[in-house]
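FYI, it's all coordinate maths here, none of it is from the lab. What you see is a predicted model, and the numbers here were worked out from it, not measured in a lab. Cβ placement follows ideal geometry from the backbone for every residue including glycine, while neighbour counts extend to all protein chains displayed.
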Amino acid sequence: MRFAFAIMPLALTLAACQPPAADRYEERAEPPDTARYASEPQPSPDAENAVWAPSTQPLRLLYGIPGQQPFAALACEPEGERPTIRITRFARADEGAQALMAIIGNGHRERFPVESVDNGRAFLWEGTVPAGSDRLDVLTGIRSADLTIPGAGTLVLNASTAPRDLIEACRLAGRKRAPDRSLRSE
C-alpha cells in the first residue's frame, strides 16, 4: 500500500510534464492542405421534365429540360477498332478526379469508370464503354434509370427509347464496318 502512495506522486509529476495531445499536434505537423480534398457535394438535379433530344452533332443525344443546360449526353464514337459510347454527366468535377458512375434501371445495375475531362470551360464527368457491351443494356430498356456519381448527385434518366436507338445505331455501325476491315486485310 505504501508503495502505491510513493509511485502516485511520481506518476502525476511525469504526466504534468507532457503537453496535451492537441497542443503537440500543431507543433509537429503542418495543417492539412484542404486544396487536395474533393469539392463539396452537389445536389441531385430535378429532372422531372427532362427528355432525350438529338444534338446538332450526329449520333449524339442530350438529356435535359428543353431550353436549359443539359444534364447528360450519350454519343456514339464509331472511329477505331470498336465503336464506343461516350457518357457525359454535365456536373462539375475536380481536376484529376476519377469515380465509378452507377446506373441502376431496366433490371440492371452497372458501374462505369468516369474521370474529369476539361471541355474548355469546366471539368465534367466522362467515360466510354464499348458499344457492343451488354452492360449498356441498363440504358436500352423502356423504364427510367438512376445515374449516380459520388459528389455529383443522382440524375433520374426518364424513360425513353432514344438511348436504345442510339446504342443500337452505334452497334450497327460497328457491324457494318467489320466486313470492310476483313476485306482490306486479304
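Structure notes:
- Cα→Cβ-extended label distance, 7 Å offset, between Ala173 and Arg111, nm: 3.0 nm
- Ranked Arg111, Arg175, criterion: other C-beta atoms within 10 Å, fewest first: Arg175, Arg111
- Spin-label pair Ile142/Glu40, simplified geometry with 7 Å Cα→Cβ offset, distance in nm: 4.3 nm
- In this label model, Glu95 and Ser55 are separated by 2.4 nm, measuring between points 7 Å along each Cα→Cβ vector.
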